[in-house]
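Notes follow the structure.
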Amino acid sequence: MASPSDTASLPVPWPENVEIKLYTGGCHCKAIRYEFAYPDIYSMPIVSCNCSICDNHGALNVSTYDKDFRFTKGTANDLTPYTFGSGQVVHRFCPTCGTSIGPTVPGGAFVVVNTRTIDNIDLKRLHLKHVEGKSVASLDEFVL
Ligand SMILES: [Zn+2]
């Protein structure tokens, strides 16, 4: 197993002295809305992971700190959780429209946002970082 020092941490560290923007988004039926602070999303690596569930959803993920993310409509308790495998990651869905907002790692102090759920996101401008999620057994081995 790789040691933490061999792996980039999640969230991806923010460059210093960059402008921080506020992003908003939510699920399709608008029962769940969120906002989070992040550097220019088009300048940061976006995780395109080939693990079974990201592959299945077509998720393109960005992770941010818990303190910089909040729900503006609905709460985390309104989402339907789903875990599999090691159970380390809790995937979350709107129970009405099924949108995958993005998973969390309890105690991990960060939130993952599926960039496809961000308002007015221009997918063509994202810088995708392809990650071999299918070949790792735990988050500790998740190399960015
Ligand atoms: Zn919904």
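Any read-out appearing in this document is the output of simple, stated calculations on the displayed coordinates, not a laboratory observation. Owing to the predicted nature of the structure, the values given are computational and were not obtained by experimental measurement. Note: ideal-geometry Cβ built from the backbone for every residue, glycine included; neighbour counts use all protein chains shown.
Farthest towards the positive end of the charge dipole of the chain, among the residues 72, 105, 131, is the Cα of 72, using unit charges on the Cβ of Lys, Arg, Asp and Glu. Database note for the chain: Cys without another Cys beta carbon under 4.7 angstrom, 51. What net charge is computed for the residues neighbouring residue 60, neighbours being all others with C-beta under 13 Å from the C-beta of residue 60, Lys and Arg scored +1, Asp and Glu -1? Once positives and negatives cancel, what remains is +2. For residue 22, neighbours were defined as the other residues whose beta-carbon sits under 15 Å from its Cβ, and their charges (Lys and Arg +1, Asp and Glu -1) total -1. Rounded to the nearest 20, the size of the Cβ-charge dipole of the chain about its Cα centre is 500 debye, with Lys and Arg at +1 and Asp and Glu at -1. Out of the DSSP beta bridges found with both residues in the chain, what percent are antiparallel (nearest 5)? Antiparallel: roughly 85 percent of the beta bridges in the chain.
Going 7 Å from the Cα of residue 77 toward and past its Cβ, which residues in segment 28-67 have a backbone nitrogen under 19 Å from where you end up? Within reach of a label on residue 77: 31-34. Here the gap between residue 127 and residue 96, fully extended at 0.36 nm per residue and compared with their Cα-Cα distance, gives a gain of 8.1 nm. From its DSSP helices (H runs of at least four residues, each -39,500 (n - 2.57)), the chain gives a residue-normalised ellipticity at 222 nm of -1000 deg cm²/dmol.
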